[in-house]
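Here's the structure, in structure tokens; my notes come after.
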Amino acid sequence: MRKVILILFILSGIIQTARPSGGDTIRYNYINPKYYLCHYTNAPVKIDGKLTEKDWETVPWTDNFVDIFIGNKVPPPFNTRVKMLWDDKYFYFAAEMKEKDIRAVFTKRDTVICLENDIEIFLDPNGDNHEYFEYEMNALGTVWDLFLARAYRDSVNPDNGWDIEGLLTGISINGTLNKPGDTDQHWIAEIAIPWTAFEKNGRMPIPPKEYDQWRVNFLRVEWAPKIVEGRYETDKTIPCNNSVWSPHQSGGMHDPESFGIVQFTRQDRSRARIIPDPSLPARSALMQIYFAQKKFFTEHKKYASSLHELGLVPFKLEGTVISPAIGIKPFGYIASVIQTERNQKSTWHINEVSRIWRE
């Protein structure tokens, strides 16, 4: 095993934005997720898609969804937004999707719902890029739920046999489903996922504790329609539009590090505040090392043992000391980062299958 090579970042009073010669700069804000403060409810929630309960009316919507790729600033064809609530039994979601032609065909559970218009939820409770959950639903309320041991980029077969026991869903439609010739307004999907669905692989307290943060994101898949013999069909000559709450560094949805952050609270709405995740600089550095290693392995059939070999140049960040190290293993590597935040040190790691964890 090669000796771990330690590369210390140089402290600076300012954030370096210039690109040094000789390599790509590791950016401290490579991962910059959106946040949502999820409030606790004591009142019953009827899952009917109508959102008439007082708590639904008082909690905020997320921002409207944007293109899945953070570099694409073209707005999606229709607005989408989400609300969230929780209690001791369920994690509640409400998604509103503007739509002129509301349509859905699939009726069998665990059909690949994203082959037509849908809304999707992704949850990585402990934020380690592994063991995350995917939920998809169309305007008929047909569900595809699956579990992934890790992301597709790291060679995984999803578990399509995983079903959410006790799932509750409701749909309301402002318009007419599957009726060409008129103009619809929107459809709302209301979803209650029991906390018991995450007991086996969530690796977080169930239900959440005060200040707990889960990595969560939402995807809307929108296909262009065409009308054939008086009924809707999907126009497969036009690529589908993928819009999300928290945008990704790639055009793919299965990048758990890009999921947004949902913080749970029981506090009064006037007092509760979002606490920024202090691990984001370390996570950002590690993910850039991971992608550089993935590229390096493709080209050289081995992993690099240093940032220099990867062609990476460390950044300088005020208030945070980052000390990366890369250790080669027989079948992979572990890259490690020591982060100091407010005089508290923590060590974060990533391996060749993009699992992130703290020591």
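Couple of notes before you dig in:
- Taking a point 7 Å out from the Cα of L146 in the direction of its Cβ, the residues of the stretch 153-190 whose backbone N falls within less than 19 Å of it are 153-165.
- Exceeding the 19 Å Cα-Cα cut-off - candidates K100/K179; K83/K108; K46/K89: K83/K108
- Rule-of-thumb Rg ratio for the chain [Cα; 2.2 N^0.38 Å; N residues]: 1.06
- Residue ranges 104-115, 186-197 sort as 186-197, 104-115 when ordered by packing (mean number of other C-beta atoms within 10 Å per residue, highest first).
- Computed from backbone phi with θ = phi - 60° and the Karplus coefficients 6.51, -1.76 and 1.60, the 3J(HN,Hα) list for the stretch 250-264 is 10, x, x, 7, 8, 10, x, 5, 8, 4, x, 10, 10, 9, 9 Hz; x is used for glycine and proline.
- A Gaussian network model of the chain, with springs between Cα atoms under 10 Å, assigns the largest mean-square fluctuation among D268, D255, D163 to D268.
- Note on Q185 and V156: the model spin-label points, each 7 Å out from Cα along the C-beta direction, lie 4.0 nm apart.
- Sequentially through the stretch 95-107, phi angles give Karplus couplings (6.51, -1.76, 1.60; θ = phi - 60°) of 10, 10, 10, 5, 6, 8, 10, 7, 8, 6, 10, 5, 10 Hz, Gly and Pro residues having no value and appearing as x.
- Helix axis angle, 280-300 relative to the chain longest principal axis, alpha carbon, degrees: 80 degrees
- When each of the peptides 225-235, 207-217 is scored by how many other beta carbons lie within 10 Å of its residues on average, the order from highest to lowest is 207-217, 225-235.
- The stretch 113-119 - phi-based ³J(HN,Hα) in whole Hz, Karplus 6.51/-1.76/1.60, Gly and Pro as x: 4, 5, 7, 9, 4, 7, 10
- Span per principal axis, largest first, for the Cα atoms of the stretch 271-359 (Å): 53, 23, 18
- When you filter the GluC sites (Glu not before Pro) in the stretch 81-188 for DSSP loop state and at most 16 other Cβ atoms inside 10 Å of their Cβ, you are left with E165.
- Taking amide H atoms as placed 1.01 Å from N in the peptide plane, the amide H of I31 lies under 5 Å from those of S284, each 5 or more residues away in sequence or on another chain.
- Model label points for T237 and N178, set 7 angstrom from Cα along the Cα-to-Cβ axis, are 2.5 nm apart.
- Considering only alpha-carbon pairs that sit under 8 angstrom and 6 or more positions apart, the relative contact order computed for the chain is 26 percent.
- Those aspartates and glutamates that a straight Cα-Cα span of less than 19 Å connects to K301, excepting residues fewer than 8 apart in one chain: D154, E309, E352
- Backbone amide hydrogens, once placed in the peptide plane, bring D118 within less than 5 Å of V221, excluding anything fewer than 5 places away on its chain.
- Projecting the Cα positions of I47, P180, L168 onto the charge dipole of the stretch 35-265 (unit charges on Cβ atoms of Lys, Arg, Asp and Glu, taken about the Cα centre) puts P180 furthest along the positive direction.
- Additional length obtainable on full extension of the chain from K50 to K329, 0.36 nm per residue less Cα span: 95.1 nm
Read-outs: derived from the displayed coordinates by stated rules, not from any lab. Please read all numbers here as calculations on a predicted model, not as lab measurements. So basically every Cβ, Gly included, is an ideal-geometry build from the backbone, and we count neighbours across all protein chains shown.
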